[in-house]
Amino acid sequence: MNDDDTTTLRDALDRTAEELPPLPDLVPLAVREGRRRRARARFATAAAAFGVVTAGALGLTLLPGNGPAPAMPAAPPSAPGVSASPSTGPDASYPPVVVEETPGVTPPDNPDGLSAAERERRAVHQQRVAALLDELLPAKVTGIRPVKDKVHAYRITAGGEPFWMTVSVRRSDDLALDACPERPDPRIVCETAVFDGDHKAQLLSLPANEPDTLAAYVRFPYGGSRVRLSVEPEGASSPVTPRELFAVVEDPRFLDLVKDADARPVEEKLLPPVVGG
């Protein structure tokens, strides 16, 4: 092949390459796949851990069902003026657990007498919260499980041990930020943090259940509701710190869920305290 033929071939190849579409950006796909694998790994670990828990004194049982967990139901429309909550796919389905208040006694189904549509709406809310907690809590939390018929309650697993977690959004007439405890105790840590512009939250760590075990709390008013995130100790101190809970609060997607629950409550309104007991 002479020089003229080589030049002609090179020009033809260059023209062909210019007409091809650009290669896709693989980074977002890789990040998304990495999150899905992390969620699947967490779920597998949680399933193994909860298989042990059900035989223990915690009185937890998995909901009956056949085959794989169902995909997330379609999300109901958001209320006017409320941002749409984050969508979740089949990889982000979190089968709930049933808590036996009395070991060996299965609690009644639908204890609050809710309609099928309202139960589904609350279940969707729990699934969305669980999906965000799975993504935003530190990697030491290896399992997130909603508690059936308790829309504010979740079971998390860390270090192979289960803990109670609360994510509550309740309408209230009292929206004042709680005062820090006055009792002098070096184990009590209480501070105020600012998020979402000028909103303030209280971050609190203090002894609970046992003298040597600590609970973690984040509490704040938002809209017309009082919001609380907490992890209670259960034989061991909370594996999640108030700062790590606050990282969930700072995520705009979590605040979208808070706004939705404030506009269309999933919990009963907080009643004012009874003066004088």
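Throughout, read-outs are computed from the coordinates displayed, never taken from laboratory work. None of these values were measured; they are calculated from a predicted model. Glycine also receives a Cβ, built like all others from the backbone with ideal geometry; neighbour counts cover every protein chain displayed.
A few points about this structure:
- Residue match in the range 120-132 (condition: β-branched (Val, Ile, Thr) and surrounded by 15 or more Cβ atoms within 10 Å (Cβ to Cβ)): yes
- Check on PRO207, touching a Lys or Arg at 6+ places or on another chain (Cβ under 7 Å), of a type outside the set (Ser, Thr, Tyr) and more than 18 Å from PRO146 (Cβ to Cβ): yes
- All conditions in (1) free of Cβ contacts under 8 Å to residues at least 12 places away in the same chain; (2) buried (at least 17 other Cβ atoms within 10 Å of the Cβ) hold for PRO108, with the sole exception of (2).
- Only one of THR157, THR142, THR213, THR166 that is among the β-branched types (Val, Ile, Thr), surrounded by 14 or more Cβ atoms within 10 Å (Cβ to Cβ) and in contact with a Gly (Cβ under 6 Å, 6 or more places away or on another chain): THR157
- Selection of the range 165-201 for residues being in a strand (DSSP E or B), touching a Pro at 6+ places or on another chain (Cβ under 9 Å) and not aliphatic (A, V, I, L, M) yields ARG170, ARG171, CYS190, GLU191, HIS199, LYS200.
- Unique match (being of a type in the set (Gly, Ala, Ser) and more than 18 Å from TYR154 (Cα to Cα)) among GLY224, GLY235: GLY224
- Scanning the range 246-277 for residues that are free of Cβ contacts under 8 Å to residues at least 60 places away in the same chain and buried (at least 21 other Cβ atoms within 10 Å of the Cβ) yields a single hit, VAL249.
- Condition met for PRO211 (free of Cβ contacts under 8 Å to residues at least 12 places away in the same chain, in a strand (DSSP E or B) and within 25 Å of ALA158 (Cα to Cα)): yes
- Counted residues, the range 149-178 - those being within 15 Å of PRO221 (Cβ to Cβ) and within 12 Å of the chain's Cα centre (by Cα): 1
- Of all residues in the range 225-245, exactly one satisfies the criterion of being under 13 Å from VAL167 (Cβ atoms) and assigned to a helix (DSSP H, G or I), namely LEU245.
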